[in-house]
Amino acid sequence: SALSGGSLSTDEEGASKKIANQMDNIMDMREYDVPYHVRLSIDLKIHVAHWYNVRYRGNAYPPEITRRDDLVERPDPVVLAFDIETTKLPLKFPDADTDQIMMISYMIDGQGYLITNREIVSENIEDFEFTPKPEYEGPFCVFNEPDEAHLIQRWFEHVQETKPTIIVTYNGDFFDWPFVEARAAAHGINMYQEIGFQKDSQGEYKASQCIHMDCLRWVKRDSYLPVGSHNLKAAAKAKLGYDPVELDPEEMCRMAMEEPQTLATYSVSDAVATYYMYMKYVHPFIFALCTIIPMEPDEVLRKGSGTLCEALLMVQAYHANIIFPNKQEQEFNKLTEDGHVLDSETYVGGHVEALESGVFRSDIPCRFKMNPAAFDFLVQHVEKTLQHAIEEEEGLPLDQVTNFQEVCDEIKAKLNSLKDVPNRIECPLIYHLDVGAMYPNIILTNRLQPSAMVDEATCAACDFNKPGANCQRRMTWQWRGEFMPASRSEYHRIQQQLESEKFPPLFPDGPPRAFHELSREEQAKYEKKRLADYCRKAYKKIHVTKVEERVTTICQRENSFYVDTVRAFRDRRYEFKGLHKVWKKKLSAAVETGDASEVKRCKNMEILYDSLQLAHKCILNSFYGYVMRKGARWYSMEMAGIVCFTGANIITQARELIEQIGRPLELDTDGIWCVLPNSFPENFVIKSTNIKKPKVTISYPGAMLNILVKEGFTNDQYQELQDSASLTYVTRSENSIFFEVDGPYLAMILPASKEEGKKLKKRYAVFNEDGSLAELKGFEVKRRGELQLVKIFQSSVFEAFLKGSTLEEVYASVAKVADYWLDVLYSKAANMPDSELFELISENRSMSRKLEDYGEQKSTSISTAKRLAEFLGDQMVKDAGLSCRFIISKKPEGSPVTERAIPLAIFQAEPSVRKHYLRKWLKSPSLQEFNIRAILDWDYYIERLGSTIQKIITIPAALQQVKNPVPRVRHPDWLHKKLLEKNDVYKQKKINELFVSEGKKQVLASRPVEGTPSSQVGDIEDLGTVKIPQPLVPIANKRKRIPAAQESQELSQDLELSQSWREILGPPPPLGTTKEEHLVWLRFHQKKWELQARQRQERCKRRRLEDGGMVTGGGVVRDALSKGLGSYLRRTARSILDLPWQIVQV
C-alpha cells in the first residue's frame, strides 16, 4: 500500500482540499496594488515638505520618525536649472548618435554658468550678464572647454561639487537628459555613475538623491495656458512677462561660427526663463501639494490630477478606517435592461449654449426688451435678497446693519423705473455671473460621494431605515447610452456561432484557438464585431442612441470622508484666493504711495497667489471628473451625472431670469455672460456697527441669483454625525452654491457661425475697462498649429473692436484690418519679403502617431510627412510627434487639398533638390517658375481668411443690422436671403404677428390662481368647439391709423369681449333673502347676460367673416358652400362693407 502510494495520495488530496476550502473563504482582495512608498506615507503620516525628528534604534527596530509641527520655516534647497544647445543637420531634428552639444547653460541659486564646446563655437565667450527684467537677474560665468567630452565632464563635476537638491529642465525628460546621457556614453562617461540620474520604466529621468522637476509638466497640467502656448517662449511670455530671445533652429550652427555671442545670449535666456519660472510658480505649488499628498515631488509634478485626487482620498479613507475599493474594471458587452448590447454609456454633461453674436460695448447703446412682471418679482423679493446676501454671504447679523431700508428703497426705485419703461435703448453693463467652484460646491451641498449612491436593497438592510427617516435624498440625472439594435436572443445566437469557430493563434505558428480559449477582452471584441456586421445588414444601422432621466438615492449618513476631502481642498484654494485679494489691495495702496520697491513686491505676491489658486482649481475640479475616470477606485457615473444635471439646472434657471431683465449672451457650464441695462442696480455699500466689517459691498446681480439658488437648490436633508458612540445625527440645511460677479467689462465680441441656425459655443473675446484683454476663448490664435495668417489676423483684429463710438464705426475700424490682410493676399504679397510670406501662409500640424500607424488615411499632415520622408529620409517619420509645416499649392489643379500640401522645408533645400521635388509633387515636369508666389493657391488662402472674416466681422455685423463692412467677402446665401426678407416692405406678416399677445407670465410662476379661465365653466354655446386658452377670440391688428384715445377705447372694448364675465364684473353677489339683495343680484346678472349676448354676437360676426357661411348654435358650420368661388365672392363683397378701406391715392 505504501509502495503503491495510496496513503500518500489521500494525504495530498486532503491537504489540497483544505487549501481549496480556505481559498473559497476569501471573498475579495483589497489594497494589494497600493505602491509601497504611498502605503508607508499614508500609514505613518510622512509627507514631503515637513520637518521630522528621526531617531535610529539599531537594525532590530525601525527608525522612530516624529513630525515637528513647531518648525514651519521652509529650507532653501539648492536648485539647478539647465538647458542645452546642440548641432543638427539642416531641416532635421537633433540626433544624439551624430550631433554634439554646443553649449550647456545653467543657473544655480541665481548664479548663471555657461559651458561652451570650442570645437563648434568659433571663439571664447567672456563672462556676461543676461537680465531680461530687473527682478530676473542673470550674471553668467563662462567656461570655454576644448571639446564635447571636456564640456560634459566639467558639467558633471560642477553638479558633484554643488550637490543640487532639485534639478530643473523644460522638456528635459524627452530631450535634454537623453541627449546628455547618449553623448556622455559616446565619450565613455556613465551619467548614472557620475551624477546618479537614469531613465526609469516610465521614461522619466530620476535620481535617489535629487529631485528632477520638468517644468513642461506643470505648464501642461496646472498653468491654464492654452495648448498653443506650452513651449518655453510662450510660457515665459505669459508667466514672467517678457519676450524671450528667439532664434531660427536652422541658423544656430551658422551662428556658432559667425555670431557666437548672440548664440550664447540665446542659450542662457532659456536657462534664465526655466529657473525663474520654476522658482516663481512651480516650486511653491509643488511644495504646497507635497504637504498633503503621499507621494514624492517627482510624482506630484507628473501624475494626472485624477491620480492626485485619489491619493488625497486614500489618506482620508485610511484615517476614517475605510478599506479602499479596488480599481474599477471594464465590463465587456454590458446589456441594457431590455437586452441590447451597450456600445457605450455616459451621462449628459453641462449645458453650454451660444445665444447671440456681434459686438457689445459698454459705451454703445443696445436694445432691451424686458418683462415688467420680472421686475415686480424682484421688487417683492428685495428685502429677502439683501438679507440673504448680508447674513449668508457676508456673515453679518442683520441687526448690526444701519442702512438696510435705505438700500432696499434705492434698489426698488431703480427696478420700478426699469419696469415703467421695459423697452429701451441704453448702454449695457457687461457681466459674467458664474458660480464659484460650482461642481465641488454641488458635491458639498448635496453630500455627494460614490459610496453614498445607494439602491433599495442597501436601504432595506440599513439600521437607520425607519418610518420618518430623512436620510434618503433622491436626485435626478440624465443617462445617455449607445446600444446595438439587435435583441438579446440575436446576441446569444451570434455567441453560439462563435463558439463553433476557430480563431488565429496567440503566437505565430501556434494552433488555432477555440472561442473559450480567448481572453474575455478578445471574446468581447469578436462578439461586438460580428454583432455590428449583423445589425448593419438586418437593421441598416449599428447604433441607437437613447437618453433617459434616472433618479438615484444619495445616503445622507454615509461616512463623509470624500466630502471632507473636497471641502478641505476647496478651503485651501479659498485661502489662496483670499491672500490674492489682500495683496491686490496692498498693490493698489503701494501704487498710490508711489513706492516702486513695494509695488514690485506686491505685484510679485499677487501673481504668486493667483497662480497658486489657479493650480489648486485644476485639481479641485478633478474631484468631479475623477469619479468617471477609467480605473478609479471611487467610480460613480450616477454621481457625475447628478453634478452635471444640477449645474445645468442652476444655469438654466439663471438664464430664465436674465432674459427677462436683460440679454443673456453665452451660457458656460458654470456661468452666464449677459448684458443688463446701465440703470440696473449694481453695487451697494452696507454700513454696519461691526468693528471688523464696518462696510461691505453687495453686488445686487449676484445677490438676486443667489436667493433663487437658495430657494431651489438648498439641501434640507444634510446630516452630520454628532455622536459617534450613539450614532446620533443632526439634520440641517446646507447650500454653499453662490454666484460670483465678474465685471462690468468694456466689451465682448461673439463670432457667428457660417451655417444657418447654428451658433459657435465657447468662443468669445472680452476686454477689461482699461482696454486689456480679459479673456480670449476658442479662437485659432490660442490653438497649436492652424494657419498662421488666421492667427496673425485674429491677434490684430480684436483690438480694433474698441475703436469707434457707434456700431457702424466699430465695424468700419475692424474692416480696415480685414482689408489690409485681404489686400496682401489679392496682391500676392507683392511688398512682403519671402521670409515673412513663409511665416504668414505656413500651417503647422503635429502628428500624434507614427506615419505608418495612419494606414490609408488622408490629410494634409500625412501628405507632408510622406513628402518629408521622400527627400530627407525615412528616419524623419519613424517616431511620433513629427511637426509638419506646409503650404497649399495650386497644382495639380483639381486635386483635393490633402494632395496639394507641400512641406515648407523644400524651399530651404538645395536649388536642384527643390526643383526636382516640386516638379514631381506639382505633377508639372516642364515647370520653370519656382517662386513661392507662383506655386501658392492664393484662392485657397483668400477663402480661409474670408471664412474667418465672415465669422468675426461680416455675419455678426449683418445680425446687428450693419451693412457689410467688408464687401469683398460676400454673405452666405442663407444670410443674404434672410436680410432680403427682413428689409422687404411687401413682406407678408407671420400668423404670430397678427394676434394680440397674452402677456408674459410672471417669473417662475408655477400654478394657476383660482378664478382664472382654466378653473371656470364655459358657456353652453361653446360646447361643440375645442376649448382654447385666453384670449378666447383672436384679435387682428388694425392697419388704419387711428388716434391714441380711440385706439385705447377700442383696445379696452376688444379686451372686454375677449375676457370672461367673471374677470370683468367680478364674483356674483349672493341671492340673499331681502328684496334689496334680490335687486342687487338681478342687476348684476342683467349686466352679465348683456355682456354674454354682445360676446356671442361678436363671435358670430367673426366666424361669418372668416368662412362666409351661416353659423348655428354650438359653432357648427351648416353652409356646405363655405369653400369655392361662391364663398370667395361673398367674402369679397362683405369685406367692402365691413372692413376699413386703404386710400391708395388722392
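Any read-out appearing in this document is the output of simple, stated calculations on the displayed coordinates, not a laboratory observation. A quick note: this is a predicted structure, and the numbers were derived from the prediction, not measured. Cβ atoms come from the backbone with ideal geometry, glycine included; neighbour counts cover every protein chain shown.
What the table shows:
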read-out	value
D (Stokes-Einstein, µm²/s), Kirkwood Cα radius, region 451-525, 0.692 mPa s at 37 °C	187 µm²/s
In order through region 208-218: 3J(HN,Hα) via Karplus (6.51 cos²θ - 1.76 cosθ + 1.60), integer Hz, x for Gly, Pro	6, 9, 8, 8, 10, 10, 8, 4, 4, 5, 5
Where labels lie 7 Å past Cα in the beta-carbon direction, separation of His37 and Ala469 in nm	4.5 nm
Positive-end extreme of charge dipole, the chain - chosen from Leu927, Trp1089, Ser519 (charges on Cβ)	Trp1089
For region 166-293: Kirkwood Rh in Å [reciprocal of mean 1/r, alpha carbons]	16.3 Å
Virtual spin-label span in nm between Lys369 and Tyr820, 7 Å along Cα→Cβ	3.8 nm
Net +/- balance of residues flanking Phe680 in space, Cβ distance below 12 Å, scoring K and R +1, D and E -1	+2
Rounded to 10°, Cα long-axis angle of helix 596-626 versus longest principal axis of the chain	80 degrees
Projected label distance in nm at Tyr52 and Leu1071, using a 7 Å step from Cα toward the beta-carbon	9.5 nm
Packing rank of 50-59, 670-679, 728-737, where each peptide gets the mean count of other beta carbons within 10 Å, highest leading	670-679, 728-737, 50-59
Residue-wise HN-Hα coupling along region 357-372, computed from phi with Karplus coefficients 6.51, -1.76, 1.60 (Hz; x: Gly, Pro)	10, x, 9, 10, 10, 5, 10, 10, x, 9, 8, 10, 10, 10, 9, x
Dipole in debye (nearest 20) - the chain, about Cα centre, beta carbon charges: Lys, Arg +1; Asp, Glu -1	5460 debye
Nearest 10 degrees, 0 to 90: helix 788-797 Cα axis against the chain principal axis	50 degrees
Angle in degrees between helix 561-593 and the longest Cα principal axis of the chain, rounded to the nearest 10	90 degrees
Tensor-based shape of region 70-165 (alpha-carbon gyration tensor, a/c under 1.5 rounded, otherwise prolate or oblate)	prolate
Gyration tensor (alpha-carbon) shape descriptor, the chain, a/c threshold 1.5	prolate
Förster radius 56 Å - calculated FRET efficiency between Glu119 and Lys584 (Cβ-Cβ, nearest 0.05)	0.60
Interchain or long-range residues, amide H under 5 Å from Arg633's placed H	Gln328
Sites Tyr192 and Phe907 - FRET efficiency at Förster radius 41 Å, r taken between beta-carbons, to 0.05	0.40
Model label zone, Thr402; criterion: amide N under 19 Å from point 7 Å along Cα-to-beta-carbon; scope region 681-715	684-698
Shape call, region 483-603: gyration tensor on alpha carbons, a/c limit 1.5	prolate
Stretchable slack from Asn604 to Tyr1128, in nm (0.36 nm times residue separation minus alpha-carbon distance)	180.3 nm
Paramagnetic reach from Thr98 in region 244-275 [backbone N under 19 Å; point 7 Å along Cα→Cβ]	249-254
Under Karplus coefficients 6.51, -1.76 and 1.60, residue-wise ³J(HN,Hα) of region 333-341 in Hz, glycine/proline x	6, 5, 9, 6, 4, 9, x, 9, 6
C-alpha center-to-center spacing [region 442-458, region 561-594] in angstrom	30 Å
The chain - mean residue ellipticity at 222 nm from DSSP helices (-39,500 (n - 2.57) per run, n ≥ 4, rounded to 500)	-13000 deg cm²/dmol
Estimated FRET transfer efficiency when R0 is 25 angstrom, pair Glu836-Leu959 (beta carbons, to 0.05)	0.10
Alpha carbon centroid spacing (whole Å) that separates region 111-132 from region 748-822	43 Å
Chain lengthening between Ile323 and Asp147 when straightened (0.36 nm per residue, less Cα-Cα)	57.5 nm
Amide hydrogen neighbours beyond the local backbone of Asn678, cut-off 5 Å, H modeled	Cys427, Leu429
